[in-house]
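Reading through the structure tokens given below for one structure.
The values are calculated or read from the model by the stated rules, or taken from the named source; none is laboratory data. Since we're looking at a predicted model, the values are computed, not measured. In this analysis, Cβ positions are derived from the backbone assuming ideal geometry, glycine residues included, and neighbour counts consider all displayed protein chains. Side chains included, ligands, DNA and RNA excluded: accessible areas come from the protein's heavy atoms. Shrake-Rupley method; radii C 1.70, N 1.55, O 1.52, S 1.80 Å.
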Amino acid sequence: MKIAAAIARYLLGLMFVVFGANMFFSFIPQGPMPTGLPGDFMVAMFKAHYFYPVGAVMILSGVLFLANRFVPLALVFLGPVLVNILLFHILMLPATIGMGLFATLLWFLVFYQHRAAFAPLFRAKA
């Protein structure tokens, strides 16, 4: 399990450094913009510059995963990003949910390895 979690951590780190950097530099070719509500949503996010702070969080989390430093903090930063990715695909574009599910699976593998850091959060009384 330790090796699987380490591989998941490196894959997650690499994935989010690359895709986070793509938010700033657009080096991965984009397909056509989806039509309808998903396209409108993405246009609004681009016009509001929402993707820049999201990209920064993705890069920061990815670097922390790759450096194997502050991994629980990186998990906390990346959790809301993954929730938004999954919600976008579940609610608006379900046919393209594959990469989001893969990233979420990797996140849970890394989380399981560091679950002791989160144990106090699941106590009923402090």
>> I'd like to check something: does the stretch 55-69 contain any residue that is of a type in the set (A, V, I, L, M, F, W, C), outside any helix (DSSP H, G or I) and at negative phi?
In response: no
> Is it the case that the stretch 12-24 has a residue that's over 13 Å from the mean Cα position of the chain (by Cα) and over 30 Å from residue 112 (Cα atoms)?
Replying inline: yes
> Which of the residues belonging to the stretch 17-36 are open to solvent by 80 Å² or more (accessible area, probe 1.4 Å), assigned to a loop (DSSP other than H, G, I, E, B) and either among the β-branched types (Val, Ile, Thr) or under 30 Å from residue 70 (Cβ atoms) (or both)?
Replying inline: 26, 27, 35
> Do we have any residue at all in the stretch 2-16 that's of a type in the set (Lys, Arg) and outside any helix (DSSP H, G or I)?
Replying inline: no
> Mind checking which residues of the stretch 34-49 are in contact with a helix residue (DSSP H, G or I) (Cβ under 6 Å, 6 or more places away or on another chain) and acidic (Asp, Glu)?
Replying inline: none
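Condition check ((1) in a helix (DSSP H, G or I); (2) touching a residue at least 12 places away in the same chain (Cβ under 8 Å); (3) more than 25 Å from residue 2 (Cα to Cα); (4) open to solvent by 50 Å² or more (accessible area, probe 1.4 Å)) across all residues:
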residue: 38; (1), (2), (3), (4): yes, yes, yes, no
residue: 53; (1), (2), (3), (4): yes, no, yes, yes
residue: 73; (1), (2), (3), (4): yes, no, no, yes
residue: 87; (1), (2), (3), (4): yes, no, yes, yes
residue: 100; (1), (2), (3), (4): yes, yes, no, no
residue: 108; (1), (2), (3), (4): yes, no, no, yes
> residue 69 fails exactly one of the following numbered conditions: (1) crowded, with 18+ Cβ neighbours inside 10 Å; (2) closer than 30 Å to residue 120 by Cα. What is the number of that condition?
Replying inline: (1)
> Which pairs do you get when a residue that is of a type in the set (Val, Ile, Thr), found in the stretch 4-20, comes within reach of a residue that is surrounded by 16 or more Cβ atoms within 10 Å (Cβ to Cβ) and assigned to a helix (DSSP H, G or I), reach meaning Cβ atoms under 7 angstrom, with the pair 6+ apart or on two chains?
Replying inline: 17/59; 17/62; 17/63; 17/66
